[in-house]
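J.: The structure follows.
The values are calculated or read from the model by the stated rules, or taken from the named source; none is laboratory data. Predicted model only: the values in this text are computed from it and were never measured. When we count neighbours, we look across all protein chains shown, and the Cβ atoms used for this are built from the backbone with ideal geometry, even at glycine.
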């Protein structure tokens, strides 16, 4: 009897995993469809990479070791961050506009009716999208940068593995934050102003404009503790070997995991508040 | 003889017609813009937030430059107020172009969903409609912020002002805006061929502006040649600003080249408008 129950539970879990895997695969395929858009994005990321790289060369020539990086590390920072931009949806994009639109039109009622959790559903879809953009929009700019400039890419495969874990955590932090923005549509209806502000904040506080380690004093310490640091700065520092010891690396990943828990938890709370608010009109 | 008369008559016919078309285009543009402004004002909170956000996006760019200068005294030999002059002028120029026809990059979406067909049958020139599409008043934020930084730079800098230099500042902003506008029209035309490639023009507009806010001495010579002679972004603010600052052009162009910006702005509209016409002519509806 008890064995039967356990088997049933296991079956249920397996079904859930299969469901979210299918949603993620759908997210991947959806973005893979737009070849020209991907090529255009790769071109833009590469152009920006070149522009920023030259300014960093000028900066690091005058101040070698700025922010704890040498010039090759600073250039690696530029090119890897250009490769991660699209996947992390750091300059907008992703799903929250779509979620907001579904709230505005009332399609969200259909989503809530599905035998799947709203947050997990969107997380799976967004991770699928990110996986495609990591490959489709990440590899070429990084290769272009590595061809032209001397980068400090590690040769140690375990460092790359750690980087991949850190990137994944960063992607979930990014999702969790954008999910909160998406849900705000339940109260605001028009999310364009909020989205714009969110983009501004993420461009600045993720370290995309300038590595957060270059930010001075107490302000620097403050920005390095914010969730945006978990999206770009921490994965890059893991890759560049700034968290070389096992303890340091674990600390960096724990910092990311902490934000994952806090933000996903906040998303749960806001979601239950939002769904209590929904009144579905017939017709 | 008869041919010559006919030609003259045609010429006389063409001029008023062309002028009428321009007036018609501007009138249509004005009407559509007024409509979008009214619609924007329906959601006032969102409008205020997004205007402030628009100014803040670019202001944070400048904060990043400011932080760079907390570690160094000069970048590529330029001081902070000098970089602020570059930054403010290109930001205001791009803001101007972005306000007036920044939504031309939506044309790819219009082609995809078939709503471009609706535009083609309306009695207003297509470019005017595309340019005014979803006119976003919030972009005033960027212009205001750019002008603010520019004003600070001009007050802080120790420039030996001449009549030419005083004249050059507003000319630089308008010509710069026109050059960016031409890039946007060309980018929109490109979407007739590659509908999903809206992002390519960002490389030249936003990417161009990111480049122009730093001194030209920072970049490789080949890159400088490219943005001077191929896509003449250097005329947006580098050459005029170098003249105002009394600095030589790293490519060795003479000082008077700074005053060529308005001519360059006109010149770049030729390929842009040819591309636009070719694009419109090649357009095939998706049928949906």
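J.: Checking the condition at pLDDT 95 or above, surrounded by 12 or more Cβ atoms within 10 Å (Cβ to Cβ) and either away from every other protein chain (no Cβ under 14 Å) or outside any helix (DSSP H, G or I) (or both), which residue from B:85, B:26 passes?
T.: Exactly one of B:85, B:26 is at pLDDT 95 or above, surrounded by 12 or more Cβ atoms within 10 Å (Cβ to Cβ) and either away from every other protein chain (no Cβ under 14 Å) or outside any helix (DSSP H, G or I) (or both), namely B:85.
J.: Scan the range B:249-286 residue by residue and report those that are outside any helix (DSSP H, G or I) and either touching a helix residue (DSSP H, G or I) at 6+ places or on another chain (Cβ under 8 Å) or closer than 20 Å to residue B:101 by Cα (or both).
T.: Residues satisfying the conditions are B:249, B:250, B:251, B:253, B:283, B:285, B:286.
J.: From the list B:198, B:175, B:186, exactly one residue is at pLDDT 95 or above and part of a helix (DSSP H, G or I). Which is it?
T.: After ruling out the rest, the residue left standing is B:175.
J.: While we're on this one: With the condition kept exactly as written, say whether any residue in the range B:57-65 is out of contact with any strand residue (DSSP E or B) (no Cβ under 8 Å at 6 or more places or on another chain), farther than 25 Å from residue B:170 by Cα and in contact (Cβ under 8 Å) with a residue 12 or more places away in the chain.
T.: So far as the range B:57-65 goes, no, none of its residues is out of contact with any strand residue (DSSP E or B) (no Cβ under 8 Å at 6 or more places or on another chain), farther than 25 Å from residue B:170 by Cα and in contact (Cβ under 8 Å) with a residue 12 or more places away in the chain.
J.: So in the range B:52-74, with the set limited to residues that are closer than 17 Å to residue B:209 by Cα and facing chain A (nearest Cβ under 8 Å), which one is modelled with the lowest pLDDT?
T.: B:57
J.: Quick one: would you say residue B:69 is touching a residue at least 24 places away in the same chain (Cβ under 8 Å), more than 30 Å from residue B:281 (Cα to Cα) and part of a helix (DSSP H, G or I)?
T.: no
J.: Only one residue in B:134, B:110, B:138 is in a loop (DSSP other than H, G, I, E, B) and either away from chain A (no Cβ under 14 Å) or within 21 Å of the chain's Cα centre (by Cα) (or both), so which one is that?
T.: The unique qualifying residue is B:134.
J.: How many residues, within the range A:19-45, are out of contact with any helix residue (DSSP H, G or I) (no Cβ under 8 Å at 6 or more places or on another chain) and within 11 Å of chain B (Cβ to nearest Cβ)?
T.: Within the range A:19-45, residues that are out of contact with any helix residue (DSSP H, G or I) (no Cβ under 8 Å at 6 or more places or on another chain) and within 11 Å of chain B (Cβ to nearest Cβ) number 3.
J.: While we're on this one: Wholly within the range A:157-222, which helices (runs of 4 or more DSSP H) include no fewer than the required count, namely at least 3 residues that are more than 11 Å from every other protein chain (Cβ to nearest Cβ) and either crowded, with 19+ Cβ neighbours inside 10 Å or at pLDDT below 95 (or both)?
T.: A:157-183, A:185-188
J.: Right, something else. Restricting the search to the range B:141-161, which residues are over 17 Å from residue B:176 (Cβ atoms) and part of a helix (DSSP H, G or I)?
T.: B:141, B:152, B:155, B:156
J.: Additional query: Taking the range B:36-51, which residues are more than 8 Å from every other protein chain (Cβ to nearest Cβ) and either touching a residue at least 12 places away in the same chain (Cβ under 8 Å) or on the phi > 0 side of the Ramachandran plot (or both)?
T.: Matches in the range B:36-51: B:36, B:37, B:40, B:51.
J.: Going by the conditions given, is residue A:127 without any contact (Cβ under 8 Å) to a residue 60 or more places away in the chain and either assigned to a helix (DSSP H, G or I) or within 29 Å of residue A:19 (Cα to Cα) (or both)?
T.: No; evaluated as a whole, the condition is false for this residue.
J.: Find the residue count for the range B:181-200, including only residues that are more than 8 Å from every other protein chain (Cβ to nearest Cβ) and over 20 Å from residue B:113 (Cβ atoms).
T.: Matching residues across the range B:181-200 total 6.
J.: Continuing with the same structure: Going by what's in this entry, would residue A:40 be described as under 29 Å from residue A:191 (Cα atoms) and buried (at least 22 other Cβ atoms within 10 Å of the Cβ)?
T.: yes
J.: Hey, another quick one. Based on what the data block shows, is residue A:173 under 22 Å from residue A:71 (Cβ atoms) and in contact (Cβ under 8 Å) with a residue 60 or more places away in the chain?
T.: Against the criterion (under 22 Å from residue A:71 (Cβ atoms) and in contact (Cβ under 8 Å) with a residue 60 or more places away in the chain), residue A:173 does not qualify.
J.: If you don't mind, there's one more thing I want to ask. Quick check, is residue B:164 crowded, with 16+ Cβ neighbours inside 10 Å and either modelled with pLDDT of 90 or more or in a loop (DSSP other than H, G, I, E, B) (or both)?
T.: Here the answer is no, as residue B:164 does not meet what is asked.
J.: Identify all residues within the range B:204-241 that are more than 14 Å from the chain's Cα centre (by Cα), assigned to a helix (DSSP H, G or I) and surrounded by fewer than 24 Cβ atoms within 10 Å (Cβ to Cβ); write none if there are none.
T.: B:217, B:218, B:221, B:222, B:223, B:224, B:225, B:226, B:227, B:228, B:229, B:230
J.: Spot the failing condition for residue A:80; the list is (1) surrounded by fewer than 23 Cβ atoms within 10 Å (Cβ to Cβ); (2) touching a helix residue (DSSP H, G or I) at 6+ places or on another chain (Cβ under 7 Å), and only one is missed.
T.: (1)
J.: A further question on this structure: What is the residue count in the range A:88-102 for residues that are crowded, with 23+ Cβ neighbours inside 10 Å, modelled with pLDDT of 85 or more and part of a loop (DSSP other than H, G, I, E, B)?
T.: 2
J.: Restricting the search to the range A:46-94, which residues are within 26 Å of residue A:182 (Cβ to Cβ) and at the interface with chain B (Cβ under 9 Å from one of its Cβ atoms)?
T.: none
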